[in-house]
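Report on one structure; see the data block that follows.
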Amino acid sequence: MADSVRRSMPLFSMGIVQKLTGLTARQIRYYEENDLIHPERSEGNRRVFSFNDVDRLLDIKSLLDEGVNLAGIRRVLSEKPLEANRPVEKKAISDAELMKYLKSELVQAGKFGKTSLIQGELSRFFR
DNA sequence: CTTCTTACA
DNA sequence: TGTAAGAA
């Protein structure tokens with residue numbers, strides 16, 4: 001049960017989540033307004049998503065493609081207890097794929113002189 | 001440059 | 001949902 005800690009650790013920026021989920025910032029913010037997700041906020045008021053948030057967003061995306069409206073989605077994962085049973089096989093995104101995106105982000109960050117937040121958080125995965 | 005909020009097409 | 005504005 002120490003995994004839940006890591007899974008709810010805030011470390012993804014809006015940009016990364018957009019790439020990870022394929023959703024637009026507009027959609028992500030809208031879902032938050034509707035209490036479908038509750039990302040943390042950084043000092044500069046920037047949203048910081050956890051692995052759980054991303055996973056949740058992917059579920060929302062699936063439901064949306066199935067034609068479920070926000071009310072329905074909220075009903076399906078309304079206040080979904082974070083400690084729910086979820087088969088490893090059913091994970092929406094593989095760790096390998098996640099690493100792939102994370103790494104590309106790290107590389108891009110390297111092209112610039114400073115990328116305080118992102119680079120610092122991502123380093124956890126390559127340590 | 002990235003992300004935030006608000007407001008309108 | 002997309003996008004324009006202005007701020008941070």
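The values are calculated or read from the model by the stated rules, or taken from the named source; none is laboratory data. No experiment lies behind these values; they were computed from the predicted model shown. Side chains are part of the model used for accessible areas, which takes the heavy atoms of the whole protein and leaves out ligands, DNA and RNA. Shrake-Rupley method; radii C 1.70, N 1.55, O 1.52, S 1.80 Å.
The largest accessible area among A:ASP55, A:ASP3, A:ASP65 belongs to the first residue in A:ASP65, A:ASP3, A:ASP55, and the rest follow in falling order (1.4 Å probe, all chains).
Taking every pair of Cα atoms in segment A:13-72, average 1/r, invert it to obtain the Kirkwood radius, and report Rg/Rh to two decimals.
Numbers: Rg = 11.1 Å, Rh = 11.6 Å.
Taking Rg over the Kirkwood Rh, I get 0.95.
Ranking of A:MET9, A:MET14, A:MET1 by solvent-accessible surface, largest first: A:MET1, A:MET9, A:MET14 (1.4 Å probe, protein heavy atoms only, all chains present).
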